[in-house]
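S.K.: Structure in structure tokens, see below.
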Amino acid sequence: MNSDKEYKAIVAGVSAGGMKALKILLTDLPASFSLPIIIVQHVSPESGNTWITILDKTCKLKIKEADEKEKIEKGTVYIAPPNYHLLIEKDNSFSLSVDKRVSYARPSIDVLFETAAIAYKNELIGVILTGANRDGTNGLKAIKEMGGLTIVQDPQTADAREMPASAIREVQVDYILPLEGLKEVLIKLAINKSSPDEKSN
């Protein structure tokens, strides 16, 4: 892996157990973290955004719900709104869709990852965290095929193992890490603009 490789964005997918995982992952990210992070968290269609507001107040990075046609900015964390698929356009802006559910989910991790892979190609990092279904596996595969970096939470450390386990079964992922290790890798990639030296799987 090229140690001088630079990335332009991080996409992350999370489901059951995700609120706790995101708090661990995002709370300690430094203000100097340069990459945008775009997240699909499976939530109820009626879910409010109170949890996003709470995260924003406790984190050093700006955390907000993604808006239609919004341009993606560095150092910002974007969360897909409930009951909308979140897509990334080639001009690095968001679009929202109410197309049918994918893997029983809207927003779908696969939809975000697959559109991000087309937009960012090999300059993308894909992350799969805790979850109880297989949403995200096909999307992570698309990121891998485009030459992006793929990281999965160690299923043994996840509240719900199936989503990370599915990704590991079907994709030759670059890193399998517990949350703390995963966070350290992302910080190194976003601040030092270099990849870790060794694989952890």
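The values are calculated or read from the model by the stated rules, or taken from the named source; none is laboratory data. A quick note: this is a predicted structure, and the numbers were derived from the prediction, not measured. A quick note on method: Cβ atoms are made from the backbone with ideal geometry, for glycine too, and the neighbour counts reach across all protein chains shown. Side chains included, ligands, DNA and RNA excluded: accessible areas come from the protein's heavy atoms. Shrake-Rupley method; radii C 1.70, N 1.55, O 1.52, S 1.80 Å.
S.K.: At 1.4 Å probe radius, can you tell me the per residue accessible area of the range 56-198 in Å²?
M.R.: Solvent-accessible surface per residue comes out at 44 Å².
S.K.: Sticking with this structure for a sec: Output the pairs from 57/144; 20/121; 60/141; 23/90; 100/141; 23/188 with a Cα-Cα distance over 28 Å in this structure; if there are none, say none.
M.R.: Violating the 28 Å Cα-Cα cut-off are 57/144; 20/121; 60/141; 23/90.
S.K.: 222 nm [θ] for the chain, helices only, -39500 (n - 2.57) per DSSP H run of 4+, per residue, to 500? List each step's numbers first, then the result.
M.R.: Values: 6 runs with 62 residues, N = 201.
Value at 222 nm, helices only, nearest 500: -9000 deg cm²/dmol.
S.K.: Of the heavy-atom accessible surface of the chain (probe 1.4 angstrom), what whole percent is carbon and sulfur?
M.R.: The nonpolar share, carbon plus sulfur, comes to 49 percent.
S.K.: So what's the convex hull volume per residue for the Cα atoms of the range 87-180, in Å³?
M.R.: Each residue corresponds to 91 Å³ of Cα convex hull volume.
S.K.: What is the mean projected area of the alpha carbon convex hull for the chain, to one decimal in square nanometres?
M.R.: 9.5
S.K.: Continuing with this model, one more query. Quick check on the range 1-96: take the gyration tensor over C-alpha atoms, sort the square-rooted eigenvalues as a ≥ b ≥ c, and tell me if it's rounded (a/c under 1.5), prolate or oblate.
M.R.: Cα axes put the range 1-96 in the oblate bin.
S.K.: Which aspartates and glutamates, on any chain, are close to residue 5 with Cα under 19 Å apart, when same-chain ones fewer than 8 places away are left out?
M.R.: Reachable aspartates and glutamates: 123, 145, 174, 184, 197, 198.
S.K.: Using the basic label-point model (7 angstrom from Cα toward the beta carbon), what is the residue 69 to residue 101 distance in nanometres?
M.R.: My value for the distance between the label points is 3.1 nm.
S.K.: Under 12 Å from the Cα of residue 64, which aspartates and glutamates turn up, not counting those fewer than eight places away in the same chain?
M.R.: Within the straight-line limit of under 12 Å, residue 64 reaches these aspartates and glutamates: 56, 73.
S.K.: For the range 72-136, how big is the tail of P(r) above 16 Å, as a whole percent of Cα pairs?
M.R.: Cα-Cα pairs of the range 72-136 separated by over 16 Å account for 47 percent.
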